[in-house]
Amino acid sequence: QVQLVESGGGLVQPGGSLRLSCAVSGSIFSIVAMGWYRQAPGKQREFVARIGRGGNSNYADSVKGRFTISRDNAKNTVYLQMNSLKPEDTAVYYCNYGGQGFGSWGQGTQVTVSS
């Protein structure tokens, strides 16, 4: 029932920035945690960031200090601001309802970091 649609991915050079968005429908967005995960080719999907209903957040060690997760409850949208991007950040990024790595996922948006 819950629908999630990611957008904002693309090709950027190392050191560049992108902002990903995830629009949520079919749920009362403000009462749930949300998360971002990513998956590189041939790799397991891994946790990136999570934000709780009250705005508390946590991050994977690999992205701390570079990525920021936020939410706009009025727009039913969660964001991932990605700065100082590295080639190893290249992956498909997925929005996760609940933020725990199970349940509903979006279709993903491709992020490629390359010079």
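The residues on offer are V92, V113, V63, and the sole one that is within 25 Å of Q1 (Cβ to Cβ), of a type in the set (V, I, T) and at pLDDT 95 or above is V92. In the set S115, S84, only one residue is in contact with a Gly (Cβ under 7 Å, 6 or more places away or on another chain), open to solvent by 40 Å² or more (accessible area, probe 1.4 Å) and of a type in the set (S, T, Y); that residue is S84.
The values are calculated or read from the model by the stated rules, or taken from the named source; none is laboratory data. Here the structure is a predicted model, which is why all the values come from computation and not from measurement. Note: ideal-geometry Cβ built from the backbone for every residue, glycine included; neighbour counts use all protein chains shown. Ligands, DNA and RNA are stripped out before the accessible areas are found, and what is left, the full protein with its side chains, is counted by its heavy atoms. Shrake-Rupley method; radii C 1.70, N 1.55, O 1.52, S 1.80 Å.
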